[in-house]
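**Q** Below is a structure I'd like to ask you about.
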Amino acid sequence: MKCYAKMLCLRDDPQKIEMYKEYHRNVWPEVLADIRASGINEMKIFLRGRRMFMYVELDDNLDAQSSLAQAGQRSARSREWNELMATLQERAPEASPDEWWADMEQVFDLNWPQHLPKG
């Protein structure tokens, strides 16, 4: 299992931030199905202020970029969802021009071999 972390910002508008949170409390069933059908086993989004952090897990043989892109394009309903979410979002300042959700570097894992208990 591989994991990925990505970041993005919400637009600086309290109404849009609340809309985003409400949509994510009630994600459209087709969108959830498309995410799962794209090989994504786990997805969590955290929010602080305007900054979002997304945690994604998928099988070792899959790539996060292509799996996320596939999920977002799998059906007309997912395309509609992504277009709607884009009206509420903006790139993080650290993102490159070709990134929407910017990749984050993993710098620690409690279960890396060097961090496991000895013996």
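**Q** Taking only pairs six or more apart or across chains, which ones have beta-carbon atoms under 6 Å, a first residue in segment 19-30 that is free of Cβ contacts under 8 Å to residues at least 60 places away in the same chain, and a second residue that is of a type in the set (S, T, Y) and surrounded by 15 or more Cβ atoms within 10 Å (Cβ to Cβ)?
**A** E30/S75
**Q** Which residues, taken from segment 53-74, are hydroxyl-bearing (S, T, Y) and modelled with pLDDT of 95 or more?
**A** Once the filter is applied, which keeps residues that are hydroxyl-bearing (S, T, Y) and modelled with pLDDT of 95 or more, segment 53-74 yields only Y55.
**Q** Separate question: If I ask for residues that are in contact with a Lys or Arg (Cβ under 7 Å, 6 or more places away or on another chain) and within 25 Å of E105 (Cα to Cα), which ones from segment 20-46 would you list?
**A** Within segment 20-46, just S38 meets the criteria.
**Q** Do you know which residues across segment 16-52 are at pLDDT 95 or above, more than 15 Å from M85 (Cβ to Cβ) and more than 14 Å from the chain's Cα centre (by Cα)?
**A** P29, A33, R48, G49 - these are the residues of segment 16-52 that are at pLDDT 95 or above, more than 15 Å from M85 (Cβ to Cβ) and more than 14 Å from the chain's Cα centre (by Cα).
**Q** Suppose we keep only residues that are charged (D, E, K, R) and under 21 Å from S96 (Cα atoms) within segment 1-15. Which one would you say is farthest from the chain's Cα centre (by Cα)?
**A** Going through the qualifying residues, I end up with D12.
**Q** Separate question: Could you please tell me which pairs satisfy a Cβ distance under 8 Å, a separation of 6+ or placement on different chains, a first residue in segment 82-97 that is among the hydroxyl-bearing types (S, T, Y), and a second residue that is in a helix (DSSP H, G or I)?
**A** Pairs that qualify, where the first residue is among the hydroxyl-bearing types (S, T, Y) and the partner is in a helix (DSSP H, G or I), are T87/K16.
The values are calculated or read from the model by the stated rules, or taken from the named source; none is laboratory data. The shown structure was predicted, so the numbers you read here are calculated from the model rather than taken from an experiment. Positions of Cβ are backbone-derived with ideal geometry, glycine not excepted, and every protein chain shown enters the neighbour counts.
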